[in-house]
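Beneath this line is the structure, given in structure tokens, with notes to follow.
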Amino acid sequence: MRMVFIGPPGAGKGTQAERLIAAHKMAHLSTGDMLRAARDAKTPLGLKANEYMSAGALVPDAIIIDLIAERLKQPDCRGGYLLDGFPRTIAQAEALDAMLAAAGTPLDVVLELAVPEDELFRRLAGRGRADDNPEVIRQRLVAYRNQTAPLLDYYWGKGLLKSVDGLGTVEEIFGRIEAALAAVW
Ligand code: ADP
């Protein structure tokens, strides 16, 4: 299964992604984790990316597209993968489509984890990561609304989108995700 997992910051994507990869054989490709690892290792890419991350802005498409193109070539991706945090812009989605079309390995499904904005702000404010201060949270929600939410229409148009309600317990939400994916495996 090649899937994209889309949801606003604070939707609980990370938690549900961990459950999904524990239950199914898929590589977990989180661009947020990859960028934080590069930042902590102080690589040139990581330091550049951090200028954007610390402000709640998206890292430029060219950087992130190269990063994911390299990652998708790794052998563990052959058995399927869950893309978590990528694509986040239409340009990234188009670049991904082009890469996957060239390789003859199109996406199977795009899963949206839907959570209302007031709930997101409440959750993020309680989390305590470096980019979780109120102004940066606001910026990340704005980036989601303006740059990432248009992907929902994009993938809907391709017949790939499934949406799951992200309110409830971790167990309830995981149950909904598995139900939504049951027809795709
Ligand atoms: P969140 O917890 O807000 O969903 P992530 O952990 O996925 O965030 O990503 C953290 C930060 O890394 C983002 O705010 C952004 O600056 C950067 N980032 C991650 N993925 C991408 C991407 N696909 N395109 C641009 N920037 C990205």
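What follows draws every value from the coordinates through simple rules; no lab data is involved. Everything numeric in this text was worked out from a predicted model, so none of it was measured. Cβ: placed from backbone, ideal geometry, glycine included. Neighbour counts: every protein chain shown.
Laid out as a table, the results:
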| read-out | value |
| --- | --- |
| Rg/Rg_ref, region 23-150, where Rg_ref = 2.2 N^0.38 Å and atoms are Cα | 1.10 |
| Ranked packing of 23-29, 165-171, most packed first, by mean Cβ within 10 Å | 23-29, 165-171 |
| Prolate/oblate/rounded call for region 97-146, Cα gyration tensor, a/c under 1.5 rounded | prolate |
| Cα-only Debye scattering, region 1-78: base-10 log of I(q)/I(0) at q = 0.14, 0.17, 0.23, 0.27 Å⁻¹ | -0.52, -0.77, -1.24, -1.37 |
| Stokes-Einstein diffusion coefficient of region 65-140, Kirkwood radius over Cα pairs, 20 °C, 1.002 mPa s, in µm²/s | 144 |
| Quotient of Cα Rg and 2.2 N^0.38 Å for region 121-166, N being how many residues it contains | 1.44 |
